[in-house]
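Derivation of every value follows stated rules applied to the coordinates shown; laboratory data play no part. What you see is a predicted model, and the numbers here were worked out from it, not measured in a lab. Heads up, the Cβs are rebuilt from the backbone with ideal geometry, glycines too, and the neighbour counts pull from every protein chain shown.
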Amino acid sequence: MNETKRMAVVDVGSNSIRLVIYAIDEQRRYRSLYNFKIAARLSEYLDEHDVLRPEGIRVLDQVFVQFNAVLRAHEVSDVKAVATAAIRRAQNRSEILESIYEKTAIEINVITGQEEAYYGYLATVNSIQLKDGLIFDMGGSSTEVAYFKDRELVHSHSFSIGALTLAKLWSDDPASIKRVKKLAHDAFVSIPWLQNLNVPLIGIGGSVRQIAAVQRRRHQYPVSGLHQYEMNDTQLLDTYHYLKKIPRIKRGEVSGLSEDRASSIVPAGLFISELMHYTKGKRLIISRKGLRDGLLYDSLLSDRQTRRFVNVKKETITQLMREFNLSTEYGKAIYALSRELYNCIYANEQEEDQKNMEELLYFSSLLRQLGTYIDEEHAHAHTLNVLTNRSLDGFSHQERISMALLSSFTSVKRLRKRAIQYKRILNGRTVRKLEVMGAILRMATSLYVTGRDVIEKIELKNTGRSRHPQFIFHVKKGEPYYFEQQHTTLSLKQLERATKTKYRMLFVEHQPTEESS
C-alpha cells in the first residue's frame, strides 16, 4: 500500500476517548496504523447542573496533550475530532473546547445525537451488506438508533440513556430490573416508528461487543473476529442471565469481559434485549465499525452524494485484490470456466440458489491466487489462513468460511477435514455443496493452467455409448492443449469424489456452427 495521506479521528465519548490514525492511498484503500484508547469516564465529572468540573477538564486536557504528541510525531495534519453526549450535555462546553484548543490547536466538533446516528449509519451500510436494519450505538451516556430501508436512512433518534446511565440504576435486585425495563419502555414508546420493525438489529459500541465476546467464548465459537458475528434473541437473553447470576465483584473475571464493563454490562444487556423485543428483531449483528469509521467514510466518499459503496462485498474484494496484487483477468477467467461447469452440473437448480452460489464462485475465483503473494509453495494454506482470520466487510461468517474453503480448495478430503471445526456454522448439506463447488473451481483452474483462454465451450452429455456422462471441452481452433488436458484429468477425480459420479472427458477442436460464425 502506497499511502498518499494520513488522517486521524478523535472520538471524545462519555466513557472513553479514542485516537485512530489511518493511512490512505490514492485508491481510497485505508488501514489503521495506530489506535489508542483512554477510559476517561467524563460523564462522572459532570455535576448536578451538567457542568464539567475542573478535574474533568484537566483529565481531558491531559488526554489531548498525549494525543497531540502522537499526531505531531506522525505528521498528521488532517484531524477530525468530535465529541458526543458528555460534552454535548456540558453547560461549560465553550470553556472546555477553548482549553483544549489553547494547549493543542485541535478543534473539537460537538456533534448532535442525530449526527452521531448518521455516522453510525454510514459505518454500517459501508461495512455490512444488509438491505434493511435498525442500528443502535450504545455509548456511556446516550444510545443512538437509526432505521434504514433499501440501504437508505429513514429515521434516527438519540436517547439520553447509555451504559453508565443504566449502571447507576442497577443494584442486582428485582427492583433494578423493573427500573431498567420501565426506562427502556418509556423511551421506546416515545418514538412511534420504532415499534414492530421486524428487521435485524446492528449493535455498535463496547457494551454489545462485550456481550458477544462473552457469548462466543462460552460456546467456543470457531470463527475469529467480532465484526458481523450474529446472535439471536434467545442467545442474548441467555448471556444476560448468565452474567446477572455472577456477583459484581467476580464479573470482571469472566472470559471476554473487561473489568471496566463489569458494573454496566448486565443492565446494558437487559436494555438491548428490551429493544430487540420491542422492535420484534430476531437477529443481532455485531459491528466493530462505528462513529470513527463513519467519519472516515464521510471523508473518503466525499465525492459521492450518498457517501455509500454501491456493493460492500465487491468493494471489500477489490481492496483485498489490490493489497495482494491479484490479477482481475485471471480471476474472471477462472470464474467464467467455473460458471460453465457449475451450470452443466446444476442445470436444473432454482434461480435464487444459483445466483447465491455463482456469487460465491465469483469471489472465490478472484481470490484463488491470494496465497501465492505470500509463498507459492504453500499458497493454498496461506489463502485459507488469510480468509479465515481476517474480517471481510459485507460477508457473513458463513460466507467468509465458505469462500476460504473454496479459494483454498485442493481436495475433497482436505476440505472435509478443514470444515469439521466449523460445523456450528456449516451444516452437512452446505459442506457437500462446497465439496462440489471446490472441485469445480479446481477443474476451472486446470483448464486455465497455462494462463491462456483456450476453452471455447463446455458441454456435459449423456452419450449412448457409455453409462457415464461425458464432459466435452471445445478447444479454440489451432490451440495446443496438452497441459490443460493433463491437469484437468487429475482435477476430474476430485469432482467425481464430490458428486459420487463417474465422468468421461473429451477434448475436441471447436467447430463453429453457422450461427456462431
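Would you grab the residues whose amide H sits under 5 Å from the one on K80? Only those 5+ places off in sequence or on another chain, please, with H modelled 1.01 Å from N.
For K80, whose amide H was placed from the backbone, the distant partners under 5 Å are A8, V9, V10.
Can you give me the C-alpha center-to-center distance between segment 64-109 and segment 451-508, rounded to a whole angstrom?
Each part's Cα centre sits 65 Å from the other's.
With only Lys, Arg, Asp and Glu charged, each at its Cβ (+1 for the first two, -1 for the last two), find how big the charge dipole of segment 114-292 is about the Cα centre; round to the nearest 20 debye.
Working: 24 positive and 17 negative charges, 104 e Å.
Dipole about the Cα centre, nearest 20: 500 debye.
Take peptides 195-203, 172-180, 484-492 and line them up by average Cβ neighbours within 10 Å, highest first, as a rough protection proxy. Walk me through the numbers before you get to the answer.
On the way: 195-203: 18.8, 172-180: 14.0, 484-492: 17.0.
In descending order of packing, they fall as 195-203, 484-492, 172-180.
Kindly rank 367-373, 183-189 from highest to lowest mean number of other beta carbons found within 10 Å of each residue.
My ranking of the peptides, most packed first, is 367-373, 183-189.
Restricting to bridges with both residues inside the chain, how much of the DSSP beta-bridge set is antiparallel, in percent to the nearest 5? Could the numbers behind the result be given before it?
On the way: 40 of 62 bridges.
DSSP beta bridges in the chain are roughly 65 percent antiparallel.
On C-alpha positions alone, give me the angle between the axis of helix 93-104 and the longest principal axis of the chain, in degrees, nearest 10.
With rounding to tens, the tilt is 70 degrees.
Could you work out [θ]222 nm for the chain from helices alone, using -39500 (n - 2.57) per DSSP H run of at least four and dividing by all its residues? Round to the nearest 500 deg cm²/dmol. Spell out each step's value before the answer.
Working: 19 runs with 241 residues, N = 517.
So the helix-based figure for the chain works out to -14500 deg cm²/dmol.
How do the peptides 282-293, 419-430, 401-412 rank, highest first, by the average count of neighbouring beta carbon atoms within 10 Å per residue? All intermediate terms of the calculation are to be shown ahead of the outcome.
Details: 282-293: 21.8, 419-430: 13.9, 401-412: 23.8.
Top to bottom by mean Cβ count within 10 Å: 401-412, 282-293, 419-430.
Long-range amide H contacts for S263: which residues qualify at under 5 Å (H placed 1.01 Å from N, peptide plane, sequence gap of 5 or more or a different chain)?
Under 5 Å from the amide H of S263 lies no amide H from a residue far enough along the sequence or on another chain.
Rule-of-thumb check for segment 114-292: C-alpha Rg over 2.2 N^0.38 Å? Mind showing how you got there, number by number?
Numbers: Rg = 15.1 Å, N = 179, 2.2 N^0.38 = 15.8 Å.
In units of the 2.2 N^0.38 Å rule of thumb, it is 0.96.
Estimate the FRET efficiency between D132 and T489 by the formula 1/(1 + (r/R0)^6), using the beta-carbon distance for r and 60 Å for R0, to the nearest 0.05.
Step by step, r from the Cβ atoms, then E = 0.80.
Bin width 5 Å, origin at 0, all Cα-Cα pairs of segment 3-110: what percent of pairs per bin?
2, 12, 24, 24, 16, 10, 7, 3, 1, 0
Which links in K131/K250; K181/K314; K244/K289; K457/K502; K433/K457; K80/K332 stretch past 31 Å when you go from one Cα to the other?
Details: K131/K250 41 Å; K181/K314 41 Å; K244/K289 27 Å; K457/K502 21 Å; K433/K457 24 Å; K80/K332 39 Å.
In this structure, K131/K250; K181/K314; K80/K332 lie more than 31 Å apart at Cα.
Is segment 311-383 rounded, prolate or oblate when judged by the Cα gyration tensor, a ≥ b ≥ c being the square roots of its eigenvalues, rounded requiring a/c under 1.5 and prolate requiring a/b larger than b/c? Could you put the intermediate results ahead of the total?
Working: a/c = 2.55, a/b = 1.72, b/c = 1.49.
It comes out prolate by the Cα gyration axes.
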